[in-house]
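These notes are about the structure you will find just below.
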Amino acid sequence: MIRTHAAIVLKAVPYAEGGAVVSFLSELGERLSGVAKGVKKPTAKWVAAFEPMSMVRVSFFGKEHTELKRVTRCELSFSPLTLGHLESSLVMACLADLFDRVAREGVEDDRLYRLLSACGRALKAQPDNALGILAYAEHWLLHCMGLLPHPRVCGRCGNDTAALVLFSPEDGWCCGSCTAVDPGEALPPGTREYLRGLRSGGADVAPRVNPVDEAQTAITALLRARLLQELGGGLRSYDVLWRTV
């Protein structure tokens with residue numbers, strides 16, 4: 001049986017005889033994988049379609065419940081790659097790694113596809129905001145995983161105006177009116193405003209990285225650590241990014 005999907009390429013792992021096992025995020029938000037024979041050979045016609053974050057139409061052949069099907073066709077429809085922009089390319093590798101870990105075979109969540117495709121198009125249009133788009137994706141990925149409550153109100157007392165001073169895995173965002181915290185350990189002023197900026201717009205208007213913005217720096221580090229912890233530790237793509245930028 002042949003099935004065709006709109007999908008985003010996540011990862012291609014070398015396989016026997018110049019082939020690769022390629023994982024994809026389908027338009028329904030399900031992780032799909034298949035063997036693409038000969039894709040690593042210099043004469044392969046479709047090698048460009050298997051770059052991470054490429055949007056493709058991919059066809060699989062195999063029995064319904066076969067774990068690893070064969071990729072019979074893969075047509076590139078959109079690539080976020082911007083030639084010569086290293087930071088954007090490194091961020092694409094990070095995003096592909098993240099979604100390859102989060103997406104599950106047999107489990108559909110179309111929010112994942114919408115988020116990743118929006119980030120890919122934003123990277124193509126604004127490669128110089130790659131790190132801002134990565135922070136945006138991390139925030140929304142945590143939300144999709146059910147690990148990040150809305151910051152509109154305090155998770156302990158319901159206050160919607162007091163400054164947020166703490167993030168608790170149990171209670172979510174907590175404000176200064178009900179939570180005692182050492183001033184040196186509290187979230188910086190502007191935390192609520194930065195979170196509102198992440199939530200109020202799309203990937204194409206993701207807040208740009210501002211090294212002097214203490215709230216942005218603190219929240220990005222906090223959410224990134226929470227996400228990587230949930231995924232079982234660091235990702236090699238992140239290590240490469242931090243050694244390079």
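Bear in mind these aren't lab numbers, they're just calculated from the coordinates by the rules spelled out. Note that the coordinates shown come from a computational prediction; the quantities given were computed from them, not determined experimentally. Cβ: placed from backbone, ideal geometry, glycine included. Neighbour counts: every protein chain shown.
Taking amide H positions as modeled 1.01 Å from N, with prolines and chain starts lacking one, the residues under 5 Å from Lys11 and 5 or more places away or on another chain are Ser23.
Evaluating 6.51 cos²θ - 1.76 cosθ + 1.60 at θ = phi - 60° for every residue in the stretch 79-92, the Karplus couplings come out as 10, x, 5, 10, 4, x, 9, 5, 4, 5, 5, 5, 5, 4 Hz, glycine and proline recorded as x. Over all other residues within a Cβ to Cβ distance under 9 Å of Tyr238, the charged ones net out to 0, with Lys and Arg as +1 and Asp and Glu as -1. Computed on the stretch 102-245, the Cα convex hull volume stands at 132 Å³ per residue. Summarised in one figure, the compactness ratio Rg/Rh of the chain, Cα atoms and Kirkwood Rh, is 1.03.
Here r is the Cβ-Cβ distance between Asp110 and His150 and R0 is 25 Å; the resulting FRET efficiency, rounded to 0.05, is 0.80. If you count Lys pairs in the chain whose Cα atoms are under 27 Å apart, skipping same-chain pairs closer than 8 places in sequence, the total is 18.
Unpaired Cys in the chain, meaning no second Cys C-beta under 4.7 Å: Cys74, Cys94, Cys119, Cys144, Cys174.
With 10 Å bins beginning at zero, the pair-distance distribution over Cα atoms of the stretch 127-179 amounts to 26, 39, 27, 7, 0 %.
Note on Ala125/Arg196: beta-carbon distance plugged into 1/(1 + (r/R0)^6) with R0 of 25 Å gives a FRET efficiency of 0.65. The value of relative contact order for the chain, using C-alpha pairs under 8 Å at least six residues apart, is 16 percent. Of all DSSP beta bridges confined to the chain, the antiparallel ones make up roughly 95%.
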